[in-house]
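Remarks on the structure that follows.
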Amino acid sequence: MADARKRNEAQTPAARASRLPAGASGRAYLLLTITALSWGGNAVAGRLAVGEISPMALTALRWLLVVAILAPLARRDLVAHWPTIRAHWRRIALMAAIGFTAFNSLMYVAAHYTSAVNLTIIQGGIPVVVLVGALVVYGTRITPLQIAGMVVTLAGVAVVAAQGSLAALMALSFNPGDVLMIVASLAYAGYTLALRARPAMPQLAFFTAMAAIAFLTSLPLLGFEIATGRVLWPGPEGWLILAYVSLFPSLIAQLCFMRGVELIGPGRAGLFVNLVPVFGAMLAVAILSEPFRLYHAAALALVLGGIALAERGKGR
């Protein structure tokens, strides 16, 4: 029994990370930067989707397309590791529901009420929750500089959520879309923490299983949208938006993020989510011609300052 336990522990992402070569961090940084760029574009796509495809139709169809792409590629791994998937199906289902279905559906609804710049800057708060959660769940040490970085990052999120108004901050009079995006970010932080202890199986098989569950868990939401007469099926522009969110934020970015977490852990990987506001703001201004106000600049400065402090204080 003890030997079996040791073998299982040796297969966990954390254990594998301890055996990675010296250049692993560099590869992780590249993968996580690609992730942040794709997710920054996801917020812009969410805004472009308004009037072209409804939120729950976009959420359900994106995961259907991902499964259609991945299933033939991962078929052998899925069959080989089906006993593991079946044994851990509750954990996998919960991760897919909160990290894929809940996060994306909330973000696409939020896009109807707030700007793409706000959507991306608020995502910068995810690392704060991840660092605190890593301390509570895994006992990961948080250094004073990381605490300072979390405080600075939270200040940046508060600035954009309150639109630079101290009165709005004190009165908690936030845009409904900003509040929805905060809830979505909390959901994704929980998913990020759970990645550290994901079941031992090939990444492609694991992601395919989660994508399939994300599609299934999005169907009741789509059914509600249809029943209430709010569904909007995609036209030509809607299909282009759907193709982008399926290939980049859903497929490429998720695979890069999972590998990044495996290489350097959820705490450090989560910090790269702070790059999402940078890429998202640039794309929103360039593509959507959204105004970039002084409080956005202040929030970005705080978010980037937070990641710099936290990364310097990561310890060894």
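Below, the figures for the structure above:
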read-out: Of all residues in the stretch 201-229 being in contact with a His (Cβ under 9 Å, 6 or more places away or on another chain) and assigned to a loop (DSSP other than H, G, I, E, B), the one that is least open to solvent (accessible area, probe 1.4 Å); value: Met201
read-out: Entirely in the stretch 68-136, the helices (runs of 4 or more DSSP H) that have 1 or more residues that are farther than 18 Å from Phe206 by Cβ and touching a helix residue (DSSP H, G or I) at 6+ places or on another chain (Cβ under 6 Å); value: 103-110, 116-123
read-out: Any hit, the stretch 24-32, residues being out of contact with any helix residue (DSSP H, G or I) (no Cβ under 8 Å at 6 or more places or on another chain), over 30 Å from Leu219 (Cα atoms), modelled with pLDDT under 90 and open to solvent by less than 40 Å² (accessible area, probe 1.4 Å); value: no
read-out: Residue satisfying all of: in the stretch 119-140; of a type outside the set (S, T, N, Q) and open to solvent by 40 Å² or more (accessible area, probe 1.4 Å); farthest from the chain's Cα centre (by Cα) among these; value: Gly139
read-out: Filter result (touching a helix residue (DSSP H, G or I) at 6+ places or on another chain (Cβ under 8 Å), open to solvent by 10 Å² or more (accessible area, probe 1.4 Å) and not in a loop (DSSP other than H, G, I, E, B)) within the stretch 230-246; value: Glu237, Ile241, Ala243, Tyr244
read-out: Tally of residues being open to solvent by 40 Å² or more (accessible area, probe 1.4 Å) and at pLDDT below 75 across the stretch 141-165; value: 4
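The values are calculated or read from the model by the stated rules, or taken from the named source; none is laboratory data. Computed from a predicted structure; not experimentally measured. Note: ideal-geometry Cβ built from the backbone for every residue, glycine included; neighbour counts use all protein chains shown. Each accessible area value is taken on the protein alone, full model and side chains, heavy atoms only, with ligands, DNA and RNA left out. Shrake-Rupley method; radii C 1.70, N 1.55, O 1.52, S 1.80 Å.
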